[in-house]
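Chemist: Let me give you the structure first, and then I'll get to my questions.
Taken together, the values in this text are just the output of simple stated rules run on the coordinates, not laboratory data. As the structure is a prediction and not an experimental result, all values here were calculated from the model. Note that we place each Cβ from the backbone using ideal geometry, even for glycine, and neighbour counts take in every protein chain shown.
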Amino acid sequence: MSENSQGHIPVMMQEVLAALPEETEKTPGIANGQKVVVDMTFGGGGYSRAFLEQTDFTVLGLDRDPAAIARGEALQSAFPNRLKLVETCFSGIDSALVKADICSEEQMNAGKVVDAVVMDLGVSSFQLDEADRGFSFMHNGPLDMRMSRSGPSAADLVAEASEEELARIFWTYGEEKASRKIARALVTARKDMPFTETKQLADAVESVKPRRPKDRIHPATQVFQALRIAVNNELGEIEMAIATAAKLLKPGGALIIVSFHSLEDRIVKQMFADMADKKSHVNKYRPEQEDFKDGYVLPFKGVKAPTSAESSSNPRARSAKMRVLKRKKERVAA
């Protein structure tokens, strides 16, 4: 079943397709000589379906959400020899290549095994629409937010984190100006009753930060975003994924990332600039300089945004930004 059938429309599809490399340097023994694109955010399979129907790439679809992998089985049945699915988080891309028989562990460790890697960093509409996942306050449900359905939930975080830690999370990951006030209110309220449902948390935030007539978004939006990022270590996963994916690209390969808010885009922008030697940024996930001796380039300046037509027809696309990093074909002397 496609994403479109459930109301989730993949963003900047044509731009992503256009950014796929036409030709890369071949690596003997990799996927029987096939071109490989890794769809790191499989979701409902929108990008993967387009790659399978409109290109000759073999597709490795990854997702940390087991429900997404289960949804992809029908598409896999339609393309049994070209679509492989692996349940994993971003940082597991390298081991996923071995598990899917794209390459051996030795080849994976050496790098240069895939032609392209694509990441859509937006939350899947499937997750937002399923009340029992707890990602959205639009549908009341358990305060969960775990993409992998394992580990501590948002309810656990709200119940156990200190006031200072909650304030830091709301400010750092949600850019919430009332972070301290909200954190104080939640810590006080949880003494009488634990936060277990999304509506309960949303109402508590709104009581501290009342909605004004001119507000376009619900007062709890940034708090929910911050909790989701913290529960799933999303920014750390993005940093690790970029560093690993860059090493895995064949010469001429491309890393294509579509992001939807400033926290994500800032990481992508800085790491891409660093790898392309445009700037230097301290990042604990950045591989050693030796790993980048072949060099990377930015094929275009800045970001690409969706067309006005796409933004009008798909509100989710309005904040999208696409950046691309390419591995040079020419070998640069160390």
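Chemist: For region 155-249, list log₁₀ I(q)/I(0) at each q in 0.25 Å⁻¹, using the Debye formula over Cα point scatterers of equal strength and ignoring solvent, two decimals each.
Modeler: Summing over Cα pairs of region 155-249 leads to -1.33.
Chemist: Placing +1 at every Lys and Arg Cβ and -1 at every Asp and Glu Cβ, with all other atoms neutral, what dipole size does the chain have around its Cα centre, in debye to the nearest 20? All intermediate terms of the calculation are to be shown ahead of the outcome.
Modeler: Numbers: 46 positive and 47 negative charges, 227 e Å.
With Lys and Arg at +1 and Asp and Glu at -1, about 1100 debye.
Chemist: Among G295, G44, G29, whose mean-square fluctuation peaks in a Gaussian network model of the chain (Cα, cutoff 10 Å)?
Modeler: In this elastic network of the chain, the residue with the biggest mean-square fluctuation among G295, G44, G29 is G29.
Chemist: Could you run the Debye sum over the Cα atoms of region 198-246, one equal point scatterer each and no solvent, and tell me log10 of I(q)/I(0) at q = 0.18, 0.20 Å⁻¹, two decimals?
Modeler: After summing over all Cα pairs, the log10 values are -0.64, -0.71.
Chemist: Same structure again: May I ask you to sort S259, S312 by Cβ crowding, counting other Cβ atoms within 10 Å and putting the fewest first? All intermediate terms of the calculation are to be shown ahead of the outcome.
Modeler: Values: S259 23, S312 11.
Fewest-to-most ranking of S259, S312: S312, S259.
Chemist: Cα axis of helix 179-189 to longest principal axis of the chain: angle in degrees, 0 to 90, nearest 10?
Modeler: The angle comes out near 60 degrees.
Chemist: Which of L263, L17, L186 has the fewest other C-beta atoms within 10 Å, and how do the rest follow up to the most?
Modeler: Taking fewest neighbouring Cβ atoms as first place, the list is L17, L263, L186.
Chemist: Once you keep just the Cα pairs under 8 angstrom separated by 6 or more residues, what percentage relative contact order results for the chain? Write down the numbers at each step before the final one.
Modeler: Values: 586 pairs, mean separation 61.3, N = 334.
Relative contact order for the chain comes out at 18 percent.
Chemist: Amide H of T58 versus every other amide H placed in the peptide plane: which residues, excluding those fewer than 5 positions away on the same chain, fall under 5 Å?
Modeler: Amide H to amide H, under 5 Å and 5 or more residues apart or across chains, T58 pairs with K35, V36, V37.
Chemist: Would you list S77, S179 from fewest to most Cβ contacts within 10 Å? It would help to have the intermediate numbers written out before the result.
Modeler: Working: S77 9, S179 21.
Listing S77, S179 from fewest to most nearby Cβ atoms yields S77, S179.
Chemist: For the chain, modelled as a GNM with alpha-carbon contacts under 10 angstrom, which of D39, D63, D192 fluctuates the most?
Modeler: Comparing D39, D63, D192 in a Gaussian network model of the chain, the most mobile one is D192.
Chemist: Continuing with this model, one more query. On a 0 to 90 degree scale, rounded to 10, what angle separates helix 234-248 from the longest Cα axis of the chain?
Modeler: Approximately 0 degrees, to the nearest 10.
Chemist: Going by alpha carbons, how many degrees (0 to 90, nearest 10) lie between the helix axis of 221-232 and the longest principal axis of the chain?
Modeler: The helix 221-232 is inclined about 50 degrees to the chain.
Chemist: When the chain is modelled as a GNM with alpha-carbon springs shorter than 10 Å, which of R149, R216, R316 fluctuates the most?
Modeler: Ranking R149, R216, R316 by mean-square fluctuation puts R216 first.
Chemist: Set Lys and Arg Cβ to +1 and Asp and Glu Cβ to -1, take the dipole of region 153-278 about its Cα centre, and tell me which of V231, F170, L255 lies farthest positive.
Modeler: Most positive-ward Cα: F170.
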